[in-house]
Amino acid sequence: MTEFTPIEALVGGMLIGLSALAAMGLFGRIAGISGILGGLIAPGIGDRLWRFSFLLGLVAAPLGYWAISGEKPSVVMPSPTGLVIIGGLLVGAGTALGSGCTSGHGVCGMARLSRRSLVATLCFMGTGFLTVFILRHGLGVW
Amino acid sequence: MRHYLMSFLIGVLFGLGLVISMMVNPQKVLNFLDLAGTFDPSLILVMASALGVTFIGYRLLFQCRKPLWADQFSLPAGEIVDARLIGGSALFGIGWGMTGFCPGPAIAAIAVGNEKVFYFLVSMLVGMAVARWLGRSAGRRAPE
C-alpha cells in the first residue's frame, strides 16, 4: 500500500524536468536513462565520461538525500527474485529495442511531440498495466 | 572538468526527483500500474509535471542555435513507428510491470536497495547487451 502523494509527485517531477532541461541546454542531450546507460556499455559510442558522471549522480542522489534528511529512501520490491530477473532482462532488451524508456520516451520524447515516443509510451504503459493486472489479479503472484 | 561536475549534478538532480517522488520505490510504481487494486495515481502526476516543465523548457531551448557546451542538439532522427519500437516498448512494459523498475530508478536505487536491485540491474544489462548485439548482427544500426 502506498498513499497518493501529489505534492511530492509534482515536486519530484519538476526536478526531473529541470534535469532534462539542463541536459539539453548545456549538453544538447536527451535525459533518457536507457540510452545513456546503453551508450556506456556499447562499443564505439562515445562520451563515456558524460554518461558515467550522470549515472554516478543518479546513484549519489538517494545517498545525499539520506545523509541530509536522515530518511533512507524506501525501495520495496514485492516481486519474487525469479520475476525480478526475467523482468530485468525484458526491461533491458525492451528499452534497447524500443530505443527508450520512461524518461527518454515518456518525458523527453513526448516533450518534443515525437510520434515515436507517444506510441512507445502508450505501448509500455499498456503492457505495464496488463502485466500487473495478470500477475496480481489473475495469477495472484503478489 | 567542470563539464563533468555539471553532468554529475544533473544526474543528482534527476535522482533527487526520483527520490522525492518516490519513483525509486517499485512498490509505488506497481501501485500505479495496479488499476484494479491498490491504485496510487502519483506516477501520472510525476510524469505530467516532468513533461510540463520539459515541454515548455524545450520550446525555449530550441530557439537557440545550439546548446551551451556542445556543437549541436543531439536529437533522435526519424519518426518511423516500426515493429522494433512497438515490440521493444511492449516488452519493456512487461518487465516494468513484473518488477516496478525501469532503468533510472533501478540505477538510483543501487546504494539504498536490497539484493533484488542488484539482480535486476545485472539482468537489465544482459538484456541490453543481447538486444544491441542482435540488432547489430541483423545489420541495423543499434539504438543510441
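The values are calculated or read from the model by the stated rules, or taken from the named source; none is laboratory data. The structure displayed is predicted, hence computed values, not measured ones. Note: ideal-geometry Cβ built from the backbone for every residue, glycine included; neighbour counts use all protein chains shown. Please note that ligands, DNA and RNA were not included when accessible areas were found on the heavy atoms of the full protein model with its side chains. Shrake-Rupley method; radii C 1.70, N 1.55, O 1.52, S 1.80 Å.
At-a-glance table
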{"item": "Point-to-point label distance, residue B:3-residue B:44, nm (Cα→Cβ direction, 7 Å offset)", "result": "4.1 nm"}
{"item": "Gain in span if fully extended, residue A:47 to residue A:69, counting 0.36 nm per residue against the direct Cα distance", "result": "4.6 nm"}
{"item": "Of B:97, B:78, B:17, the one that fluctuates the most in a GNM where chain B has Cα springs shorter than 10 Å", "result": "B:78"}
{"item": "Per-q log10 I(q)/I(0), chain B, q = 0.10, 0.15 Å⁻¹ (Debye; single scatterer per alpha-carbon; no solvent)", "result": "-0.47, -1.10"}
{"item": "Loop sites in region B:53-144: trypsin sites (Lys or Arg not before Pro), DSSP, at most 16 other Cβ within 10 Å", "result": "B:65, B:140, B:141"}
{"item": "Å² per residue, accessible surface of chain B at 1.4 Å", "result": "45 Å²"}
{"item": "Accessible surface of the protein assembly as shown [probe 1.4 Å, protein heavy atoms]: carbon and sulfur percent", "result": "70 percent"}
{"item": "Under 26 Å from the Cα of residue A:72 - lysines, other chains or at least 8 residues apart", "result": "B:28, B:116"}
{"item": "Of the DSSP H helices in chain A, those whose Cα atoms cover at least 18 Å axially and whose Kyte score averages 1.0 or more", "result": "A:6-27, A:48-69, A:81-97, A:115-132"}
{"item": "Solvent-accessible area buried by pairing B with A, both sides, nearest 100 square angstrom, 1.4 angstrom probe", "result": "10000 Å²"}
{"item": "Accessible surface, region A:55-138, averaged per residue in Å² (probe 1.4 Å)", "result": "38 Å²"}
{"item": "Prolate/oblate/rounded label for region A:1-46 (Cα gyration tensor, a/c 1.5)", "result": "oblate"}
{"item": "Largest to smallest accessible area among B:130, B:46, A:119 [probe 1.4 Å]", "result": "B:130, A:119, B:46"}
{"item": "Shape category assigned to region B:73-135 from the gyration tensor of Cα positions, a/c cut at 1.5", "result": "prolate"}
